[in-house]
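Have a look at the structure below, then the notes.
The values are calculated or read from the model by the stated rules, or taken from the named source; none is laboratory data. Here the structure is a predicted model, which is why all the values come from computation and not from measurement. Positions of Cβ are backbone-derived with ideal geometry, glycine not excepted, and every protein chain shown enters the neighbour counts. Surface areas here come from the heavy atoms of the whole protein model, side chains and all, with no ligands, DNA or RNA. Shrake-Rupley method; radii C 1.70, N 1.55, O 1.52, S 1.80 Å.
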Amino acid sequence: MRTAGAALSALSLVGVAALAGCSSGDPGDGVSRNAPAASSPSVSPSPSASAASGWNPSPGSVAAVGDSITQGFDACSVLADCPEVSWATGSDSLVRSLAVRLLGASKAADRSWNHAVSGARMVQLPEQMALAAKERPELVTVMMGANDACRDSVRLMTPVADFRASFEASMRQLRAGAPEAQVYVSSVPDLKRLWSTGRLNETGKKIWELGICRSMLADADDLGPAAVARRDAVQDRVVAYNEVLRDVCAKDRHCRYDGGAVFGFRFTGAQLSQWDWFHPSRDGQARLAEIAYRNITAAEPPA
């Protein structure tokens, strides 16, 4: 996210090495050594059930759209995208991206594409969808919306109506070029859980003070009425965004929403980047890949 990048640039000027020394793992990979390895999904495709529903649980190609999460920002090194660890299309063997799980490592290298852009908001999604459509993928993954809520103030968050209009335009853009492509839509992560988890780490709070997602993370220790109301407003907006994603997706016969799985994931510090305590670490990316694979290969869509 651009705001995070600007803030972390300031951090680098005062000594990134000091930050690395506070990490519980190797800051070069953002993985806690005490974190459990991502387990292999237990759900297998069900061809007979999927045929009845019209959903193919084994697509032969994957295109990803989204923001810095899908670009693996701050998962490998500070202030840098790391698409090789992307939950959607990355090649990292520890993450085992969705594309690798669906296609195998060799085919994923040739049959997956990542059009996500760090810092992107929903208004930029139609352009990404147009690029994805040109690939003629069998599956398009969407993870977008965190930047619409993570602004410098509550007032600057994207209005829900605008969010809806941009997502509807994105789906139309995709359908113009790839009418039969399946779409998997991830819910927006729980930013309030990010605050409640990260505020327990003193290093994380110092990084947040540089200006990361101020609408939710500013003054992390302030529990006064105004701060509580501000965080609740951001949480309510994220919930509203997820309702939009669910509703718009439901109108497209080739679209499957994750049922709030990403929003409801009970992540810990092990799944957060040790560089910014905001973006997913390698372990966090692996968990996102696991959630997506489980939902895409399930016989029925999530409730």
> Straight-line reach from Lys205: which lysines have a Cα under 18 Å away, not including same-chain ones fewer than 8 places off?
Replying inline: Lys192
>> Give the aspartates and glutamates whose C-alpha is closer than 12 Å to that of Lys206, dropping any in the same chain fewer than 8 places away, or say none.
In response: Asp219, Asp221, Asp276
> Heavy-atom accessible area per residue, the range 206-287, 1.4 Å probe: how many Å²?
Replying inline: 39 Å²
> Using only the Cα atoms, what convex hull volume per residue in Å³ does the range 147-241 have?
Replying inline: 109 Å³
>> Cut-off under 26 Å on the C-alpha distance; same-chain residues fewer than 8 positions from Lys134 excluded. Which lysines are left, in chain and number order?
In response: Lys107, Lys251
> Over the range 77-216, what percent of the accessible surface lies on carbon and sulfur atoms, probe 1.4 Å?
Replying inline: 50 percent
> Tally Lys and Arg at +1 and Asp and Glu at -1 over the other residues with C-beta under 10 Å from the C-beta of Arg164: what net charge comes out?
Replying inline: -4
>> Students often check this: by mean Cβ neighbours within 10 Å, which of 192-200, 72-80, 265-273, 141-149 ranks highest, and how do the rest follow?
In response: 141-149, 72-80, 265-273, 192-200
> About its Cα centre, what dipole magnitude does the range 86-234 give when the only charges are +1 on Lys and Arg Cβ and -1 on Asp and Glu Cβ, stated in debye to the nearest 20?
Replying inline: 160 debye
>> Net charge around Arg101, counting only other residues with Cβ within less than 15 Å of its Cβ (Lys, Arg = +1; Asp, Glu = -1)?
In response: +2
>> Along the charge dipole of the range 98-193, pointing to its positive end and built from +1/-1 on Cβ of Lys, Arg, Asp and Glu, which listed residue (Ala178, Ser166, Ser153) has its Cα farthest out?
In response: Ser153
> Between Lys134 and Arg199, what is the label-to-label distance in nm when each label sits 7 Å out along the Cα-to-Cβ direction?
Replying inline: 4.5 nm
>> With +1 on the Cβ of every Lys and Arg and -1 on the Cβ of every Asp and Glu, and nothing else charged, how large is the dipole of the range 253-303 about its Cα centre, in debye rounded to the nearest 20?
In response: 120 debye
> At q = 0.15, 0.18, 0.28 Å⁻¹, what is the log10 ratio I(q)/I(0) for the range 118-177, with the Debye formula run over Cα points and no solvent?
Replying inline: -0.45, -0.62, -1.16
